[in-house]
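Encoded as structure tokens, the structure appears first; notes follow it.
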Amino acid sequence: MSVDGVMLGMPGLPAPVLGQRRKTRQLKVGAVGVGSDSPISIQSMTTTLTSDVNSTLQQIAELTAAGCDIVRVACPSQDDADALPAIAKKSQIPVIADIHFQPKYVFAAIEAGCAAVRVNPGNIRKFDDKVGEIAKAAKDHGTPIRIGVNAGSLDPRLLEKYGKATPEALVESALWEASLFAEHDFHDIKISVKHNDPVVMVRAYELLAERCDYPLHLGVTEAGPAFQGTIKSAVAFGALLAKGIGDTIRVSLSAPPVEEIKVGTQILQSLNLRPRKLEIVSCPSCGRAQVDVYTLAEQVTAGLEGMEVPLRVAVMGCVVNGPGEAREADLGVASGNGKGQIFVKGEVIKTVPEHKIVETLIEEAMRIAEEMEDAGEPSGAPVVSVS
């Protein structure tokens, strides 16, 4: 699509990535493929009581709207297990039941039609003795199993052997349980080996990737409040995804679940592992800036919130990098001396006074987006750049 002869949007060539995906087995979690033949999916977990069906479905709807692909619900009680059939049936995205301590809830979740079940071998009593029954039930219903090993609930036998939750201990736990399922010819498995320390977590997944071809679910467990958890998750996921390790991710934050989806989406977009949507690139500002870059960036971001088309917008605040960055974007402004030059794909289309910059950028972005949608172009890689 072009505006006045100027081509917009990202180039048709595939986006560059840092590393090729590790080849894995493939499985289906409901309608979502998980494995190296499928895009990396984003997960979150509800914070409602699962037994409160309406509240849980409402939160799932919010997560779905935010871009969540798969959702997990806790199942610590019989009331929660009883709610699973309604939730699994009415959810817009696949539902995974999260099971700890009681193996009977694994069978309840499978019977309820959940798209997958997460089990934590370290805290299900006599789990190894139940693997055969679980494998048969899961195979009969076509239900994948996630073996979810956590540093905080590692099998006591392995804690005694290794002294603490080392990468080697996490991997040994996961592969031991996977081998028990394999003995019963059950292979629809994905694995996670989570730790709250990104360095330990990364090493655990590297070891695991070397020793199996199961799809891997990435996560830094108990990552912390939003800021700290975002940094830890971005660092750990970036290190692994750059090497092609990871098939589905969950950002664990002490924050509303929708925030986890936002962070996870941005991580994948930043690595070109998910088509980019609206992205705002802005400088930290400095003494050269001749406009209030912070306010300008915030106002443009707010005005374009929710835009889905592949549009790059640059909002620049000084003459050093401003014109160059604005020319590289689909839409941009280079500001200074009380005015702003508006660029569309490298060409200046108008100059406006400073107080008109935000209004003009939003109007131009909406116009371009409408033309792109009319042309039937898929949403993909918008970028708003502010410096």
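The values are calculated or read from the model by the stated rules, or taken from the named source; none is laboratory data. Note that the structure is a prediction, hence the values are computed from the model and not measured. Positions of Cβ are backbone-derived with ideal geometry, glycine not excepted, and every protein chain shown enters the neighbour counts. Accessible surface is based on the protein model in full, side chains and every heavy atom, while ligands, DNA and RNA are left aside. Shrake-Rupley method; radii C 1.70, N 1.55, O 1.52, S 1.80 Å.
Tabulated data for the structure shown
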read-out: Rounded tilt (10° steps) of 357-374 against the dominant C-alpha axis of the chain; value: 60
read-out: Degrees separating the helix 198-211 axis from the principal Cα axis of the chain, which is the longest one; value: 60
read-out: Rounded if a/c under 1.5, otherwise prolate or oblate - the range 24-82, Cα gyration tensor axes; value: oblate
read-out: Between 0 and 90°, nearest 10: helix 78-90 axis offset from the chain longest Cα axis; value: 50
read-out: Out-of-range pairs (alpha-carbon distance over 20 Å; input K23/K190; K130/K194; K28/K136; K23/K243); value: K130/K194
read-out: Relative contact order of the range 168-218, defined on C-alpha pairs under 8 angstrom at six or more residues apart (%); value: 43
read-out: DSSP loop trypsin sites (Lys or Arg not before Pro) with at most 12 other Cβ within 10 Å excluded, longest remaining stretch of the chain; value: 165-387
read-out: Accessible solvent surface per residue of the chain, calculated while the other protein chains remain in place, 1.4 angstrom probe, Å²; value: 44
read-out: Candidate aspartates and glutamates for bridging to K139, where Cα separation is under 20 Å - those fewer than 8 sequence places away on the same chain excluded; value: D98, E111, D128, D129, E177, E183, D185, D188, D213
read-out: Value of relative contact order over the chain, rounded to a whole percent, pairs C-alpha under 8 Å and six or more apart; value: 15
read-out: Separation in nanometres of the label points that stand 7 Å from Cα toward Cβ, at S77 and W176; value: 3.3
read-out: Rounded percent of accessible protein surface that carbon and sulfur make up, the chain, 1.4 Å probe; value: 53
read-out: Beta bridges by DSSP in the range 236-359, antiparallel share as percent, to the nearest 5; value: 70
read-out: For V32, residues with placed amide H under 5 Å, excluding near neighbours; value: none
read-out: Lys, Arg +1 and Asp, Glu -1 on Cβ, resulting dipole of the range 148-271 about Cα centre, debye, nearest 20; value: 440
